[in-house]
1. What residue, among those in the range 241-288 that are open to solvent by 30 Å² or more (accessible area, probe 1.4 Å) and under 21 Å from the mean Cα position of the chain (by Cα), is nearest to residue 148 (Cα to Cα)?
2. What number of residues within the range 63-80 are out of contact with any Cys (no Cβ under 8 Å at 6 or more places or on another chain) and either part of a strand (DSSP E or B) or among the aromatic types (Phe, Trp, Tyr) (or both)?
3. Pairs, please: C-beta under 7 Å, at least 6 apart or cross-chain, first residue within 20 Å of residue 161 (Cα to Cα) and among the aliphatic types (A, V, I, L, M) and in the range 128-147, second assigned to a helix (DSSP H, G or I) and open to solvent by 50 Å² or more (accessible area, probe 1.4 Å)?
4. Let me confirm something: among 14, 27, 52, which residue is free of Cβ contacts under 8 Å to residues at least 12 places away in the same chain, of a type outside the set (Phe, Trp, Tyr) and part of a helix (DSSP H, G or I)?
5. Among the residues of the range 143-199, how many are closer than 19 Å to residue 37 by Cα, of a type in the set (Gly, Ala, Ser), assigned to a strand (DSSP E or B) and open to solvent by 20 Å² or more (accessible area, probe 1.4 Å)?
6. Scan the range 84-98 and tell me whether some residue there is on the phi > 0 side of the Ramachandran plot and surrounded by fewer than 15 Cβ atoms within 10 Å (Cβ to Cβ).
7. State whether one or more residues within the range 110-118 are assigned to a helix (DSSP H, G or I) and within 27 Å of residue 168 (Cα to Cα).
Amino acid sequence: MPSLKDLKNRIASVKATQKITKAMKMVAAAKLRRAQEAAEAARPYSQRMSAVLANIANAVTDADGAPALMTGTGKDQVHLLVVCTADRGLCGGFNSQISRFARDHARKLTAEGKTVKIFTVGKKGYDSLRREFLPLIVERKELRDVKRVAFENADSIGKRIIEMYEAGEFDVCTLFYSEFKSVISQVPTAQQLIPASAGEAVAEDAAHAGAVYEYEPDPASILEDLIPRNISVQIFRALLENVAGEMGAKMSAMDNATRNAGEMINKLTLSYNRQRQAQITKELIEIISGAEAL
């Protein structure tokens, strides 16, 4: 049984931890609002970018004239998995959910006889995947020193992926991240980047129904410039979604930690009071017994 001093020291330690978790919760809550606004603001642009890409791609009638980033290599033997996670922990199962999702996809591809390569963005994703897939990790990038994610960070990642594709290092590229839904809900998501999916063209409204568009220069030339930019835009959106999801998960995790610390303090205080009362009672009995013996 721990002594009164041990219990007192432990209570003080848990109280100090509770102050830290409460402060981290407040910091995460303050950052969450800004991160959520940034993620929600990036969604319309990303969606519209994909829509414009689809509309222009539908105008390309000659498949031989389409960019290589859209047509692909004609094979799907080598897959590059770009796994985006956070650089810091203390955010519940946020990082592990993304890593598990990517790990299951890698195992599935390996079972099908495909070659898998991994590009990790974020320290936690690398730490999680290297235990099983260290030989498959060909690139890693950390954004620990970046205070606020900017488009330049995503653009550098996108350019590196395109360089690897042009060098013939992979056939298909898939992006893994967590889409922010709410503070308690972040959904692991996979999105194919290369070959670029044209998707479906946006339905025209009544005012522009039946309109014929002329592209200057030709659609293939526009796609040559638009597809690399779209890849960077999709990566940028994924990074913003991750930041919002990380802050939401961290706020929820720190709130639970603060509550658990409060419950532990109550239990330790109860044990401390009971043991202190038992010790006082024992001392009184010894005093009374000594007095009666005299």
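The values are calculated or read from the model by the stated rules, or taken from the named source; none is laboratory data. Remember, it's a predicted structure, so these values are computed and weren't measured experimentally. Cβ: placed from backbone, ideal geometry, glycine included. Neighbour counts: every protein chain shown. Ligands, DNA and RNA are excluded from the accessible area calculation, which covers all protein heavy atoms including side chains. Shrake-Rupley method; radii C 1.70, N 1.55, O 1.52, S 1.80 Å.
1. Within the range 241-288, the first condition is being open to solvent by 30 Å² or more (accessible area, probe 1.4 Å), and the residues that meet it are 243, 251-252, 255-257, 259-260, 263-264, 266-267, 269-288.
Subsequent filtering for residues that are under 21 Å from the mean Cα position of the chain (by Cα) retains 243, 251-252, 255-257.
Values: 243: 9, 251: 18, 252: 21, 255: 24, 256: 26, 257: 26 Å.
That would be 243.
2. Kept after step one, since they are out of contact with any Cys (no Cβ under 8 Å at 6 or more places or on another chain), are these residues of the range 63-80: 63-78.
The next check asks that each one be either part of a strand (DSSP E or B) or among the aromatic types (Phe, Trp, Tyr) (or both); those that pass are 78.
Final tally of qualifying residues: 1.
3. Here the result reads 137/130, each pair linking the range 128-147 to a residue that is assigned to a helix (DSSP H, G or I) and open to solvent by 50 Å² or more (accessible area, probe 1.4 Å).
4. Values: 14 fails: free of Cβ contacts under 8 Å to residues at least 12 places away in the same chain; 52 fails: free of Cβ contacts under 8 Å to residues at least 12 places away in the same chain.
None of the others qualify; the one that does is 27.
5. 2
6. Taking the range 84-98 first, the residues on the phi > 0 side of the Ramachandran plot are 90, 92.
Retained after the next criterion (residues that are surrounded by fewer than 15 Cβ atoms within 10 Å (Cβ to Cβ)): none.
Taking every residue of the range 84-98 in turn, none turns out to be on the phi > 0 side of the Ramachandran plot and surrounded by fewer than 15 Cβ atoms within 10 Å (Cβ to Cβ).
7. If we filter the range 110-118 for residues that are assigned to a helix (DSSP H, G or I), which is where we start, we get 110-111.
Subset that is within 27 Å of residue 168 (Cα to Cα): 110-111.
Checking the range 110-118: at least one residue is assigned to a helix (DSSP H, G or I) and within 27 Å of residue 168 (Cα to Cα).
The rows are residues; the columns are (1) over 23 Å from residue 153 (Cα atoms); (2) touching a Cys at 6+ places or on another chain (Cβ under 7 Å); (3) modelled with pLDDT of 90 or more.
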position: 236; (1), (2), (3): no, no, yes
position: 239; (1), (2), (3): no, yes, yes
position: 251; (1), (2), (3): yes, no, yes
position: 256; (1), (2), (3): yes, no, yes
position: 259; (1), (2), (3): yes, no, yes
position: 262; (1), (2), (3): yes, no, yes
position: 273; (1), (2), (3): yes, no, yes
position: 278; (1), (2), (3): yes, no, no
position: 287; (1), (2), (3): yes, no, no
